[in-house]
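Below you'll find the structure, written out as structure tokens, and then a few comments.
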Amino acid sequence: QVRLVESGGGLVQAGGSLRLSCVASGRAFNSDDMGWFRQNPGKEREFVAAISGGGRSTYNGNFVLGRFTISRDNAKNTVYLQIDSLKPEDTAVYYCAIYRTRPYRYERSVGSWGQGTQVTVSS
């Protein structure tokens, strides 16, 4: 059974950085496109970034503007999300995802979700 476990969230001051990790287990994932979404209470889940199975191609959400960097280490079955220059509006639960189809920005394209990790940015 596929399992995704996120970590790395926490409370950070505005301007700081975090690196989120997502470890996948249950099978090999080096051919799977994977990504990150985020969600604030009362809002829809929002696409952050995606990365192809081999890691050669990445795709970002409209708001990313260079502050978010997705990467992966297939030898560790791990996907990362580096977030720099954090802003209070980045506060959200961040979810890791394995895609079953495209386009990446839609929740319906996701096959499996992690449980999420909370990121809170104080001003």
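Just the residues that are part of a loop (DSSP other than H, G, I, E, B) and among the charged types (D, E, K, R), please, taken from region 100-109. Break it down into steps so the answer makes sense when it comes.
Keep residues of region 100-109 that are part of a loop (DSSP other than H, G, I, E, B), which gives 100-106.
R100, R102, R105 - these are the residues of region 100-109 that are part of a loop (DSSP other than H, G, I, E, B) and among the charged types (D, E, K, R).
Out of all the residues in region 112-123, which are of a type outside the set (S, T, Y) and either within 14 Å of R19 (Cβ to Cβ) or open to solvent by 50 Å² or more (accessible area, probe 1.4 Å) (or both)? Step through it out loud before you land on a result.
Here is the first cut: in region 112-123, the residues of a type outside the set (S, T, Y) are 113-116, 118-119, 121.
If the condition is that a residue be of a type outside the set (S, T, Y) and either within 14 Å of R19 (Cβ to Cβ) or open to solvent by 50 Å² or more (accessible area, probe 1.4 Å) (or both), then W113, Q115, Q118, V119 are the ones that fit.
Only residues that are in contact with a Gly (Cβ under 7 Å, 6 or more places away or on another chain), hydrophobic (A, V, I, L, M, F, W, C) and under 22 Å from Y99 (Cβ atoms) were counted across region 1-49, and they come to 8. For region 65-73, state whether one or more residues are closer than 15 Å to S109 by Cα, charged (D, E, K, R) and under 15 Å from the mean Cα position of the chain (by Cα). No. Within region 21-74, if we keep just the residues that are hydrophobic (A, V, I, L, M, F, W, C) and modelled with pLDDT under 95, the residue that is surrounded by the most Cβ atoms within 10 Å (Cβ to Cβ) turns out to be F29. Pairing residues of region 26-53 that are closer than 17 Å to R3 by Cβ with residues that are open to solvent by 70 Å² or more (accessible area, probe 1.4 Å) and part of a loop (DSSP other than H, G, I, E, B), at Cβ distances under 6 Å and at least 6 apart in sequence or on separate chains, gives G26/Q1.
The C-beta contact set for region 73-85 (first residue farther than 11 Å from S25 by Cα, second residue assigned to a helix (DSSP H, G or I) and open to solvent by less than 40 Å² (accessible area, probe 1.4 Å), distance under 7 angstrom, 6+ apart or interchain) comprises I83/D90.
Residues of region 90-110 being open to solvent by 30 Å² or more (accessible area, probe 1.4 Å) and either of a type in the set (S, T, Y) or without any contact (Cβ under 8 Å) to a residue 24 or more places away in the chain (or both), which ones? Explain how you work it out, then say what you get.
Initial filter on region 90-110 (open to solvent by 30 Å² or more (accessible area, probe 1.4 Å)): 91, 93, 95, 100-103, 105-108.
If the condition is that a residue be open to solvent by 30 Å² or more (accessible area, probe 1.4 Å) and either of a type in the set (S, T, Y) or without any contact (Cβ under 8 Å) to a residue 24 or more places away in the chain (or both), then T91, Y95, R100, T101, P103, Y106, R108 are the ones that fit.
For region 103-117, the set of residues classified as touching a Pro at 6+ places or on another chain (Cβ under 7 Å) and either at pLDDT below 95 or farther than 14 Å from A50 by Cβ (or both) is empty.
Do we find that Y80 is open to solvent by less than 10 Å² (accessible area, probe 1.4 Å), farther than 18 Å from V2 by Cβ and among the hydroxyl-bearing types (S, T, Y) in this structure?
It is false that Y80 is open to solvent by less than 10 Å² (accessible area, probe 1.4 Å), farther than 18 Å from V2 by Cβ and among the hydroxyl-bearing types (S, T, Y).
The values are calculated or read from the model by the stated rules, or taken from the named source; none is laboratory data. Remember, predicted model here, so these are calculated numbers, not experimental data. Cβ atoms come from the backbone with ideal geometry, glycine included; neighbour counts cover every protein chain shown. Surface accessibility is based on the protein's heavy atoms, side chains included, excluding ligands, DNA and RNA. Shrake-Rupley method; radii C 1.70, N 1.55, O 1.52, S 1.80 Å.
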